[in-house]
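Worksheet: one structure, shown below.
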Amino acid sequence: MNVAVTQLSAALGQRVEVVALAAAICVLIFELVRRKHLMEKYAILWLVAGVTVLVLALWKGLLTTLSHAAGIYYPPAALFAVAFLFVLVMLVHFSVAVSRLSDQNKILAQRLALLQQRLEQQSDDVPPQADRASEPQDERSRTS
Amino acid sequence: MNRNLAIVPSYNEAEAIGATVASLRRWAPEFDVLVVDDGSVDRTAERAGEAGAMVLRLPYNLGIGGAVQCGYIYAQEHDYEVAVQVDGDGQHDPRHIHSLLGLLRDDPTLNMVTGSRFLDPGADGYRSSAVRRVGIRLFARVVSLITGQRVTDPTSGFRMTDRSGIELFARDYPRDYPEVEAILLMHAHRLRSREIAVVMAPRLTGKSAISSTQSVYYMVKVLLALFVAMFRTRPIKEGTPPPAGERVT
């Protein structure tokens, strides 16, 4: 009986730590969104991760049931597999986001260089008043 | 204003750019000269302007692909009919521009002409280092295989395109080490290209965009890009917007 009590308290103690960790993740993400350091779009995935950890910590036996159902007889292995997959998906997601940002960045830099050249040329060889009339139409034909 | 544009990408070439621009103006007077300063930290843009070129100043270094594409966007928006790419470091002799233009004009089905260092085996001139030649030969093999026509110098940046080439490259151009991929891009859009023999000089100043430590990355990146490019859909005809998968990241 003594053994059972120590086991129980150890399990409880660990659960308290895991619950605290999950809560900390959720609070951190919430705080980052509140301060506008993190967009909701990216926060959702992290919140899902935090809530998952929280549920697994509170709902005793869920992890064991799920991993057994999946044919994995060592529940922590199932947890690691899911966590690893999650991190992998997040990293690919970020690589895609970085690629897109870099592409948009390139386009901005090019547009800036082209606009700057046009401005410099205008101030060089055309008096600004004479040029103003033709400019809006010019602009429209280029953007169409 | 001319209907032809020389696009000169340059990065920290303050010492050579003046001579390059002057030589272009002397040997190819029917071309407007546009220097694309790819975020140089020296006085490249000022020197180019003093020599009489138009200058696009990129706010930071985009790499050769982004700089060249900026030139093509300029050509597209200012209705140029022909664009030729010339390196800012003096490697490409502007005296060859006439032969490139002649070939492009003679054959109306031709959309791009590339100056090749290897087409004429008897010619002298600069042909890169031995190690790089191995890489160039490998790319030449792969590109020839994919396009079904003989390509001897796929890394040459000395090339001239007509209006459809300008429009294609203004819309879509590879980001780093673009030359090899650009050939396949032309092929994918059913535009025809050919090579013409030229002699190149070793670069006068500055250093190559590709250091020896980057060569391995260069090889792997370009081979991956070539492999992926084979699985993109080929648009039926030029002028239609490219499918979503065509975008370059």
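The values are calculated or read from the model by the stated rules, or taken from the named source; none is laboratory data. No experiment lies behind these values; they were computed from the predicted model shown. No Cβ is skipped: glycine too gets one built from the backbone with ideal geometry, and neighbour counts run over all protein chains shown.
Some observations on this one:
- The set of residues in region B:88-112 that are farther than 24 Å from B:GLU181 by Cβ and touching a Ser or Thr at 6+ places or on another chain (Cβ under 9 Å) comprises B:GLY90, B:ASP93, B:PRO94, B:ARG95.
- A residue that is within 14 Å of chain A (Cβ to nearest Cβ), polar (S, T, N, Q) and out of contact with any strand residue (DSSP E or B) (no Cβ under 6 Å at 6 or more places or on another chain) occurs somewhere in region B:76-98.
- Of all residues in region B:11-65, those being closer than 21 Å to B:GLU179 by Cα, more than 14 Å from chain A (Cβ to nearest Cβ) and of a type in the set (Ser, Thr, Tyr) number 1.
- Matching entry among A:GLN122, A:GLN129 (being modelled with pLDDT under 85, assigned to a helix (DSSP H, G or I) and more than 10 Å from chain B (Cβ to nearest Cβ)): A:GLN129
- Scanning region A:39-63 for residues that are surrounded by 13 or more Cβ atoms within 10 Å (Cβ to Cβ) and more than 18 Å from A:ALA24 (Cα to Cα) returns A:LEU62, A:LEU63.
- Which numbered condition B:ILE7 fails, given (1) on the phi > 0 side of the Ramachandran plot; (2) under 18 Å from the mean Cα position of the chain (by Cα): (1)
- Checked against the criterion of being among the aliphatic types (A, V, I, L, M) and modelled with pLDDT under 85, the candidates A:LEU28, A:LEU62, A:LEU79 yield just one match: A:LEU79.
- Test: residue in region A:97-106 that is outside any helix (DSSP H, G or I), more than 20 Å from A:VAL18 (Cβ to Cβ) and aliphatic (A, V, I, L, M): no
- Residue among A:TYR73, A:TYR42 that is assigned to a loop (DSSP other than H, G, I, E, B), out of contact with any Lys or Arg (no Cβ under 7 Å at 6 or more places or on another chain) and of a type outside the set (Lys, Arg): A:TYR73
- For B:GLY63, the conditions (1) in contact with a strand residue (DSSP E or B) (Cβ under 9 Å, 6 or more places away or on another chain); (2) on the phi > 0 side of the Ramachandran plot all hold with the exception of (1).
- Restricting attention to region A:81-95 and to residues that are surrounded by 11 or more Cβ atoms within 10 Å (Cβ to Cβ) and aromatic (Phe, Trp, Tyr), the residue that is nearest to A:LYS60 (Cα to Cα) turns out to be A:PHE86.
- Against the test of being more than 16 Å from the chain's Cα centre (by Cα) and surrounded by fewer than 24 Cβ atoms within 10 Å (Cβ to Cβ), the options B:GLY65, B:GLY90, B:GLY157, B:GLY125 yield a single qualifying residue, B:GLY125.
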